[in-house]
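Only one structure is covered here, and it is reproduced in the block below.
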Amino acid sequence: MKVKDVMHKGATWVETKTPVKKVAKMMRSEDIGAIPVGEKDRLVGMVTDRDICCRAIGNGLDIAKLSARDVMTKPIVYCKEDQDIQAAIRLMKKSKIRRLPVINAKKRLVGMLSLGDISSRAGATTSAGALKALAAHHA
């Protein structure tokens, strides 16, 4: 099974200078927990709800003054749409992440792959393996 068969098609991304408050509002309105960050037509990082909570609010920083660049996780980890789903799961496990931006052969963002996507669209064995692999680092 390929990543493109499991991923959520389409993805929102923001520029590095996007205010964190705007990123948080986008997450809320789109019911998502991560947004890729791009600069000069390249993905350079990812802002997660955890990044906003821990790197901004948890450190007592003024949210009104922060941009996506200030809180994003970098470098960005991504997978390709034609990649085998098992390879993407191994990458998620190695990187200790639960969401991956997905790019196509032209290096364009075409979707996102999350643990939720895997559990709802991949087979039971693949889903169980992914859950075990990705939850292990939180134990």
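Readers should treat all values here as calculations from the given coordinates under stated rules, not as data from a laboratory. Not measured: the values here are computed from a predicted model. Ideal geometry is used to build each Cβ from the backbone, glycine not excepted, and the neighbour counts take in all protein chains shown.
Overview of results
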read-out: Gain in span if fully extended, ARG50 to SER119, counting 0.36 nm per residue against the direct Cα distance; value: 22.7 nm
read-out: Prolate/oblate/rounded label for the range 56-108 (Cα gyration tensor, a/c 1.5); value: oblate
read-out: Geometric extent, Cα atoms of the chain - Rg, Dmax (angstrom); value: 15.0, 45
read-out: Formal net charge of residues neighbouring MET27 (Cβ-Cβ distance under 13 Å; K, R +1; D, E -1); value: +2
read-out: Net lengthening on full extension, ALA64/GLU15 (0.36 nm per residue, minus Cα-Cα); value: 16.0 nm
